[in-house]
Amino acid sequence: MAEQGKLVLGFIGNGKSTNRYHLPFILTRQDKIKVKTIYQRTLRDNGWARLPDVTYTDDLDKLLGDTEIDVVVITTPSAAHYEMACKVLLAGKNCVVEKPFAASVEEAAQLFKLAREKGVMVQCYQNRRFDSDFLTAQKVMASGILGEVYEINMHYDYYRAFVPEQEKTFCRENAFLYTHACHTVDQVLSWLGKPQDCHYDVRQLLGKGRMNDYFDLDLLYPGLKVSVKSSYFRAKARPSFELYGRRGVFIKQEQDRQEADLKKFYLPEGHDDFGLDMPENYGTLIYYDEAGVYHEEKVPSERGDYGRYYDALYVTIMQGAPQLVTEEQTMEQMHILEAAGQDLV
């Protein structure tokens, strides 16, 4: 390794994903993680400032042949994920793949098979496991204050009509289902495990042959229904989380704030309040206690931190800890997405 005790990374891709959703969090962990090389197909100024002490190259072999690099992270457009992941694994490198992990169950299975053959790891980048709203919802459910929880609604809404309206053809790997449900479905699987059954309502609101712009997935567990819903045509977003139990309800209207801060280039390095909810963003807990007394109160949000994905990656590669995102979870997610989107054309 380049520096004793540090996890050394290389990146394939130098666009928004690398510079907005990965590097800002790695830079707060420079005591244990080093980015050595970033591959860009065409070296040019793309609006993102280059980091000092990082090599930028258009020679993929230079990155893949570097014995100091422990893990290669793929942040290219989704259509290139499978091809690039195969190249990384064939080079004998551990690999992290941005979402969507693959365009099909078959592709995902091939990547895991190839990783096993080469004795390396391949894993999907599921940073949304560290959203503050998700962490807070888990905390409330685990407290037992709601009693038996029988319904969970998870919404990931936008009003970005221009996105589907400008797409005139259908592309599966760019479907809303694959690029966004991958977040919420993974959250459910990491939280509750494999569902007993699933029901799907996935639409192309602008018609067949156009972009998938709506999904409503029901994941069924014993005594519990979890609904994962999203649309590009929601002028007013639904609550991020709704938990309904025998004794009460928890409603978290606001989504995690990390992405909003990142879009404003308000970054985690140097800002202690990065991604933090204010009291007006807290969720509301309403419940009846064992004496039948009504309570209504705000629940301070847990702190979100996408960088915790890299903390987990560090202990996996450097200390042999179990993977944060398992092959079983990723394959189950791929089965759910493929089944939900089978009628899209």
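Every number in this text was worked out from the coordinates using simple rules, so none of it is lab data. Quantities reported herein were computed from a predicted structural model and do not represent experimental measurements. We place every Cβ from the backbone using ideal geometry, glycine too, and count neighbours over all the protein chains shown.
Here are a few things to note about the model shown:
- Neighbour cut-off at most 10 other Cβ (10 Å), DSSP loop, trypsin sites (Lys or Arg not before Pro), segment 100-209: K168, K208
- Segment 108-181 versus segment 214-280: alpha-carbon centroid distance in Å: 12 Å
- Sparse-neighbour loop sites [GluC sites (Glu not before Pro); segment 56-154; at most 15 other C-beta within 10 Å; DSSP]: E68, E148
- When Rg and Dmax are taken over the Cα atoms of the chain, they come to 20.7, 69 Å.
- Anisotropy class of segment 55-208 from Cα gyration tensor, a/c 1.5 cut: oblate
- Shape call, segment 171-324: gyration tensor on alpha carbons, a/c limit 1.5: rounded
- Nearest 10 degrees, 0 to 90: helix 81-90 Cα axis against the chain principal axis: 50 degrees
- Shape of segment 226-303, Cα gyration tensor, a/c cut at 1.5: oblate
- Arranged from fewest to most other beta-carbon atoms within 10 Å of their beta carbon, C182, C86, C124 become C86, C182, C124.
- Peptide packing for 5-18, 31-44, 269-282 was compared via the average number of neighbouring C-beta atoms within 10 Å per residue; ordered from the highest value, the list is 5-18, 31-44, 269-282.
- One chain, two ends: H199 and Y150. Fully extended at 0.36 nm per residue, the span grows by 16.0 nm beyond their Cα-Cα distance.
- Lysine pair number, Cα distance threshold 30 Å (strictly under), segment 204-314, separation 8 or more or different chains: 19
- Going from the residue with the fewest nearby Cβ atoms within 10 Å to the one with the most, H335, H180 rank H335, H180.
- Expected 222 nm ellipticity per residue - DSSP helices of 4 or more, -39500 (n - 2.57), all of the chain, to 500: -7500 deg cm²/dmol
- Projecting the Cα atoms of Y21, L114, T55 onto the charge dipole of segment 7-125, computed from C-beta unit charges around the Cα centre, puts Y21 farthest toward the positive end.
- Debye intensity ratio I(q)/I(0), log10, segment 72-147, q values 0.11, 0.17, 0.26 Å⁻¹ (C-alpha model): -0.38, -0.65, -1.12
- Taking the convex hull of Cα positions in segment 1-65, its mean projected area over all directions (nm²): 4.3 nm²
- On Cα atoms only, tilt of 132-143 relative to the major axis of the chain in degrees: 50 degrees
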